[in-house]
Amino acid sequence: LELLEDGHPAVLLMDLELPDMHGWALISKLREISTLRDLPIIVIAEHSAPDQQSLAFTVAKVDLYLAKPVSKARLRQNIWMSLQSQMAH
């Protein structure tokens, strides 16, 4: 969390399964920080459950929700699209 505050990233690519806290908790904390509130977030999750996707888009304001396994090509394309979207704003 401190690294994100200090680093000013253009996009965050994260797995929901983190060692110290769950990904949803991290996203919630990010949304409380004014400088990170609009940070585009791409989430990689173990499953593609409809309720998880709904939570991701409506509550957590995640930009993209990908279910494992994710190919390198698809991941690169989605990161590139997120960066292009950021540059357009």
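Relative contact order of segment 14-65, taken over Cα pairs closer than 8 Å and 6 or more residues apart, is 37 percent.
Proximity of backbone amide H atoms, modeled 1.01 Å from N, is registered between residue 66 and 43, 44, 45 at under 5 Å, excluding neighbours fewer than 5 places apart on the same chain. Ordering 35, 24, 88 by Cα displacement along the dipole of the chain toward the positive end leaves 88 in first place; charges were set at the Cβ atoms of Lys, Arg (+1) and Asp, Glu (-1). Taken about its Cα centre, the chain carries a charge dipole of about 400 debye when Lys and Arg each add +1 at the Cβ and Asp and Glu each add -1 at the Cβ. When you restrict to C-alpha pairs under 8 Å that are six or more residues apart and normalise by the size of the chain, the relative contact order lands at 29 percent.
Exposed loop sites here mean GluC sites (Glu not before Pro) with a DSSP loop assignment and at most 15 other beta-carbon atoms within 10 Å; the chain contains its longest site-free run at 47-89. Relative to one another, the C-alpha centroids of segment 1-25 and segment 59-86 are positioned 15 Å apart.
Oblate is the label for segment 27-89, because the ratio a/c of its alpha-carbon gyration tensor axes (a ≥ b ≥ c) is 1.5 or higher and a/b is not greater than b/c.
For the residues 15, 51, 38, a GNM of the chain with alpha-carbon springs under 10 Å puts the largest fluctuation on 51.
Every number here is computed from the coordinates shown, using simple stated rules; none is lab data. These figures come from a predicted structure and were not determined experimentally. Please note: Cβ atoms are built from the backbone with ideal geometry, for glycine as well, and neighbour counts cover all protein chains shown.
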